[in-house]
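Below is one structure; the comments refer to it alone.
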């Protein structure tokens, strides 16, 4: 999908965000966008996540999506909250069809060739490689990507400032997902903006 490609190429790092208190959402988003990371993935791992998505959308320039979407009910809730893209840890036919039906940019998780083939059957070519390090790291992704030249990836899971550049140097990798740029808790906006600037400069 062209739209997901545009989202994945907006910046080299997509912050993977866990919000425990919705009051933290807007200042965190403001700092990340100020630092050059405008695409924000809010994981649906906490009760505050949907409210956080709504709050972050008030920040000018922020492109806010939902992560850890695992079924149709979560997809619907994320879209109702205003999510502009959807990220899932894996791929099922049910979730894939639902996301395509809604016309929302969709980044499903894959960890093996079967996952990619299921995605291709659905017409998808852009995937999250997850969990990136646990699934074999960069050598595994290079081996997986070889038979699927049309596919592009966002590795997530174990990516840090120290290793992100190595992943980004592999052509099929459009961006990486990382939680290091968005520490949990009350955000120190200046510190987060600095982390974001470092991440935005990776490519």
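Nothing in this text is a laboratory measurement; each read-out follows from the coordinates by a stated rule. If you're wondering where the values come from, they're calculated on a predicted model, not measured in any experiment. Every residue, glycine as well, gets a Cβ built from its backbone with ideal geometry; the counts of neighbours run over all protein chains shown.
Some notes on this structure:
- Both numbers refer to the Cα atoms of segment 77-183; Rg and Dmax are 13.7, 39 Å.
- Hull shadow area, averaged, segment 59-126 [alpha-carbon convex hull, nm²]: 4.6 nm²
- With Cα atoms as the point set, the radius of gyration and Dmax of segment 1-114 evaluate to 13.3, 41 Å.
- For segment 129-203 and segment 1-39, distance of Cα centres in Å: 13 Å
- For the chain, the mean residue ellipticity at 222 nm estimated from helices alone is -11500 deg cm²/dmol, where every DSSP H run of n ≥ 4 contributes -39500 (n - 2.57) and the total is divided by all residues, rounded to the nearest 500.
- 18 Å reach of a label modelled at residue 102, 7 Å along Cα-to-Cβ, counting backbone N of segment 30-53: 40-53
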